[in-house]
Each structure stands twice: as C-alpha cells, then as structure tokens.
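Here is the structure we will look at, set down as structure tokens.
Bear in mind that the values in this text are calculations on the coordinates, not laboratory data. This one's a predicted model, so the numbers in the text were calculated from it and none came from an experiment. Note: ideal-geometry Cβ built from the backbone for every residue, glycine included; neighbour counts use all protein chains shown.
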Amino acid sequence: MARIKFFGVRGSISVFGRKFEEFGGNTTCVLMEGPERTVIMDAGTGIRELGKELVADPDLGVGRECYLLFSHFHWDHIQGLPFFVPAYDPGRTFTISAIGRDRAGIDLRSIFETQMQQDYFPVTLEGMGARIEFLQTPEDHYGVESASVKVVRHNHPGGAYSYRLQDTEGRVVVYCTDIEHGDEIDRNVVELARDADLLIHDGQYTQEELPRFRGWGHSSWEQAVAVAEQANVKQLAITHHDPDHDDRFLLEVEKQARARFPHTVLAREKMEIII
Ligand SMILES: [Zn+2]
Ligand SMILES: [Zn+2]
C-alpha cells in the first residue's frame, strides 16, 4: 500500500479566503508514503502542515528514510522549506535530491543555502539542526532495493522534471507539474506515465486560457486528461491550480474533466489517495 497526501495544490503563489476553502491555498507539496520510506515532492508552503503531521505521527518516526525530491526550484516549490519543523530536529536526517543527469552539475546545497541566507531568513540551512544530505545522480534513474525513481526533463522556463516513483511493492505514482506541452503532448511524459496507478499532473489553465499564457510553463486540464488517456493510467489527480481559480471554478473544471476521464480528481489540500 502507498499513501499519497496533498498538502499544497496551488501554483505560483499561495492564496487564502472563503473562495478557496474547498481546494486550499498552499503551494505545491505532496507526501508519498511507501512501505519502506517517505518521499516528499516539492516544498511549497504546504510543507509546513506536512511537517506538523510528520512530527505527530509515530509511524513516520525519526528513523524512517525521508527524501525531498524537487521538480525544479521556482519559489512556489521551495518556499515552505524554512518552515518545515522536522528539519529542526537534530535526530532526523533528510535527503534533498534532484535526480537527472542534466542536473548533476547544479549546486543543490547552494540553492537552499541561498534562500536561507540572513538577508532572507533568520536561520541558516545548517542552523536548522537536522542532518541534511544531498543526492544528485549522473543518470535519469535511481534505485533503492526494489524501489525506483525515473525522471524526464520537460518543457518549463529553466527546465523541470517529471518523476515516476515505484515502491517496493510495485505501485507507481507519476508526478508531473510545471509542464508546458506546447502544440503536441510530450511523448516522453506519456511513456513515463505508462500504466501508472496514479498520475498527478499540472492543470493550471483551461484550454481556452492557454494561448494567453504561452511560455509560462503550464498545462491545461484538458492536456492533463490527454496524458492520462494516452498513458492508460488508472487515476488522475490534477494539481497546480491557478491562484485566480476559486472553488466554484475548480468544481466546474472537475465536473468537465470527469466527463472525459472518469477517474479524475482535482487535488485538494489534505486529500489522501491510497493505491
Ligand atoms: Zn510551480
Ligand atoms: Zn515553475
């Protein structure tokens, strides 16, 4: 069994208010709890609540391996990390990782040290207390025992990565956000998502809005559905909701998306999917 729980489903910037209560306003962060280890995808503002749950849950204790994987490092995907309470516990270890051969040369430590330098935040990365390790790979895949991670680089300003995560029991989640397909659906992403138990995909815009946001690096919900259909996935969760799309708008999108691909949900904060 794997448990997926959404803590941040908003793209670009966090929002709050009565019009956003159903879906939530925190930026991107997803917990994936496999049989052996914990994976956190991106560290948007949603990671703050995730951290509190991690501390409160005895099953997610200090000794469990925990990886933080990043699609890319735009603000809405890293901004919550300084508020991730478990990282202040000297008894815990976290592995911050950017898998992908094109990313082998980036200075991963400096990305996170910079966002926590004193001009921006009172506590340094090292001063947080937990042991933080950095993992980069010269390949587009990485494996621990029978669990594996595979990535493909996709189109987004500055580049971003889709992830295919398989746990030790063979369950597969594909995480694909901040992707602009362009006129054609990205074939590499479809292949990465092939037969997945769950596809989590960017759906920031509608197809009608998309031409106005060419070059901004995102998908329409219709494109998310197209990837789900072409890849024959079992379930689709659409995420990275636009900050201007309120609950009413998103409920309507969900209705339309389900009419095309019945096993679709629009991701909501605190929503859990068991696969
Ligand atoms: Zn984003
Ligand atoms: Zn981005």
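I'd like the orientation of helix 247-260 relative to the chain: the angle between its Cα long axis and the longest Cα principal axis, in ° from 0 to 90, rounded to 10.
60
Sticking with the crude label model, points 7 Å out along Cα→Cβ, report the distance from Thr168 to Thr114 in nm, one decimal please.
Spacing of the two 7 Å Cα→Cβ label points: 3.8 nm.
Among the GluC sites (Glu not before Pro) in the stretch 164-250, which ones are in a DSSP loop with at most 11 other Cβ atoms within 10 Å of the Cβ? Mind listing them?
Here the sparse-neighbourhood loop sites are Glu184, Glu208.
Using θ = phi - 60° and the Karplus form 6.51 cos²θ - 1.76 cosθ + 1.60, what ³J(HN,Hα) does each residue of the stretch 29-39 get, whole Hz, x for Gly and Pro?
Coupling constants for the stretch 29-39: 6, 10, 8, 10, 10, x, x, 10, 8, 9, 10 Hz.
So what is the diffusion coefficient of the stretch 3-274 in µm² per second by Stokes-Einstein at 37 °C and 0.692 mPa s, using a Kirkwood Rh over Cα pairs?
D = 177 µm²/s.
Can you tell me which of 4-13, 42-51 comes out highest on packing, and rank the rest after it, using the mean Cβ neighbours within 10 Å?
Highest-to-lowest ranking by the protection proxy: 42-51, 4-13.
Using per-residue counts of other Cβ atoms within 10 Å, averaged over each peptide, order 210-219, 32-41 from highest down.
Put in order of decreasing packing, that is 32-41, 210-219.
Compute the long axis of helix 47-56 from its Cα atoms, compare it with the longest principal axis of the Cα atoms of the chain, and write down the angle in degrees, 0 to 90, nearest 10.
Helix 47-56 sits at roughly 60 degrees to that axis.
Only bridges with both residues in the stretch 3-274 count here: give the DSSP antiparallel percent, nearest 5.
Close to 50 percent.
Project the alpha carbons of the stretch 149-223 onto their principal axes and report the range along each, largest first, in whole Å.
Rounded to whole Å, the extents work out to 43, 23, 17 Å.
If Lys and Arg each add +1 and Asp and Glu each add -1, what is the summed charge of the other residues whose beta carbon sits under 10 Å from the beta carbon of Arg37?
In short, -4.
If Lys and Arg each add +1 and Asp and Glu each add -1, what is the summed charge of the other residues whose beta carbon sits under 9 Å from the beta carbon of Ser146?
Here the charged neighbours net out to -3.
If the convex hull of the alpha-carbon atoms of the stretch 91-178 is projected onto planes in all directions, what is the mean projected area in square nanometres?
7.2
Please report the antiparallel percentage of DSSP beta bridges with both residues in the stretch 109-261, rounded to the nearest 5.
If we restrict to bridges inside the stretch 109-261, about 60 percent are antiparallel.
If I take all pairs of Cα atoms in the stretch 80-129, what percentage of them are more than 14 Å from each other?
The answer is 55 percent, as a whole percent.
Along Cα→Cβ, 7 Å out, is where each label goes; now give me the distance between the ones at Phe249 and Val144 in nm to one decimal.
Placing both labels 7 Å along Cα→Cβ, they lie 3.8 nm apart.
In nanometres, what is the gap between the two model label sites at Trp216 and Ala56, each 7 Å from Cα along Cα-to-Cβ?
Once both label points are built, they end up 3.4 nm from each other.
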